[in-house]
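Engineer: Just passing along the structure, written as structure tokens.
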């Protein structure tokens with residue numbers, strides 16, 4: 001196969017989507033060489049999402065009817081049923097690089113599934129906290145657990161993002177936010193499976209991505225790190241986490 005499978009994973013709202021948009025704006029030559037990996041998903045589209053571009057939006061029954069033994073990998077992700085078309089991915093890789101931007105459940109599956117063991121990969125995990133911050137918080141004298149803190153950090157990001165998308169939040173919106181925020185800590189436990197970790201405090205809710213034309217703060221660092229890693233260069237902004245970091 002000619003291309004690499006480039007994986008960018010992390011909790012919901014951590015900043016993966018705005019990094020993807022920043023690539024298109026500031027590094028179009030890279031973005032043009034990254035074919036998006038489009039999965040099937042049974043959830044409803046968010047505002048601005050398009051069928052066939054962000055996901056293949058199908059009913060749960062339609063996704064369940066796909067044939068996993070021959071062509072599809074099917075998995076449950078935070079209550080959503082998703083599926084990967086292996087033949088479509090293989091065809092894309094024959095013509096160049098393929099980019100997956102999404103949750104670490106799918107990201108780790110792409111790294112470990114035996115059907116993809118022959119595929120060249122480069123994997124990144126975006127985290128809302130750094131390794132140093134985790135080590136500090138684990139030793140700090142505080143009544144709040146790290147699990148509760150990560151959940152609260154992501155809850156605030158998700159609330160701000162959803163308020164931008166919708167003027168009024170429904171009970172279903174709040175339940176979805178709580179589900180995604182509550183999943184974040186366990187998703188961070190998967191970060192050691194990825195080659196590189198990008199600490200990024202500028203989530204999808206942050207104005208640092210596009211309010212000042214050029215990305216600022218961790219948004220800029222994350223973008224530069226991605227570009228360096230894509231070009232097979234070392235980056236001063238990435239970390240490597242050990243499996244026992246989150247005890």
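Engineer: Test of understanding: what is the full-extension gain from residue 71 to residue 109, defined as 0.36 nm times their sequence separation minus their Cα-Cα distance?
Structural biologist: Going from the current span to full extension adds 12.2 nm.
Engineer: Please report how far the C-alpha centroid of the range 82-124 lies from that of the range 132-206, rounded to the nearest whole angstrom.
Structural biologist: Cα centres, the range 82-124 to the range 132-206: 25 Å.
Engineer: Oh, and also: Stretch residue 231-residue 136 to full length: gain in nm at 0.36 nm per residue minus the Cα-Cα span?
Structural biologist: On the way: separation 95, 0.36 × 95 = 34.20 nm, distance 3.26 nm.
Result for the pair: 30.9 nm of gain on full extension.
Engineer: Compute from the Cα atoms of the range 146-190 the Rg and the Dmax, the latter being the longest Cα-Cα distance, and quote both in angstrom.
Structural biologist: Spelled out, the Cα radius of gyration and Dmax of the range 146-190 are 10.9, 34 Å.
Engineer: Starting from the Kirkwood radius over alpha-carbon pairs of the range 160-247, derive D by Stokes-Einstein at 4 °C in a medium of 1.567 mPa s and give it in µm² s⁻¹.
Structural biologist: Stokes-Einstein gives a translational diffusion coefficient of 85 µm²/s.
Engineer: How high is the relative contact order of the chain, in percent, counting Cα pairs under 8 Å that sit 6 or more residues apart?
Structural biologist: Across the chain, relative contact order equals 28 percent.
Engineer: Ratio to report: Rg/Rh of the range 1-85, with Cα atoms as the point set and Rh obtained by the Kirkwood method; give two decimals.
Structural biologist: In the range 1-85, Rg relative to Rh is 0.99.
Engineer: Largest first, please: the extent of the C-alpha atoms of the range 1-147 along each principal axis, to the nearest Å.
Structural biologist: Here the spans come out as 52, 38, 35 Å, largest first.
Engineer: Consider a paramagnetic label point 7 Å from the Cα of residue 195 along Cα→Cβ; state which residues of the range 1-34 have an amide N under 15 Å from it.
Structural biologist: Backbone N within reach: 3-9.
Engineer: Next up: Please grab the % of Cα pairs in the range 65-206 that end up more than 24 Å from each other.
Structural biologist: For the range 65-206, the fraction of Cα-Cα distances above 24 Å is 43 percent.
Engineer: Moving to a separate point now. Can you tell me the FRET efficiency between residue 152 and residue 211 if r is taken as the Cβ-Cβ distance and R0 is 30 Å, rounded to the nearest 0.05?
Structural biologist: Rounded to the nearest 0.05, the efficiency is 0.80.
Engineer: OK, next. Given 0.36 nm per residue, what is the gain on full extension from residue 90 to residue 64 after removing their alpha carbon distance, in nm?
Structural biologist: 7.2 nm
Engineer: On to the next question. Distances longer than 22 Å among the Cα atoms of the chain: what percent of all pairs is that?
Structural biologist: Counting every Cα pair in the chain, those more than 22 Å apart make up 55 percent.
Engineer: May I pose another question? Quick one: divide the alpha-carbon radius of gyration of the range 25-66 by 2.2 N^0.38 Å and tell me what you get.
Structural biologist: My calculation over the Cα atoms of the range 25-66 gives 1.47.
Engineer: While we're here: Only Cα pairs within less than 10 Å get springs; with that Gaussian network setup on the chain, which residue of 191, 225, 24 has the largest fluctuation?
Structural biologist: 24
Where a number appears in this text, it was derived from the coordinates with a stated rule and is not lab data. Keep in mind the model is a prediction, meaning the values are calculated, not measured. For neighbour counting, all protein chains shown are included, and Cβ atoms are generated from backbone atoms with ideal geometry for every residue, glycine included.
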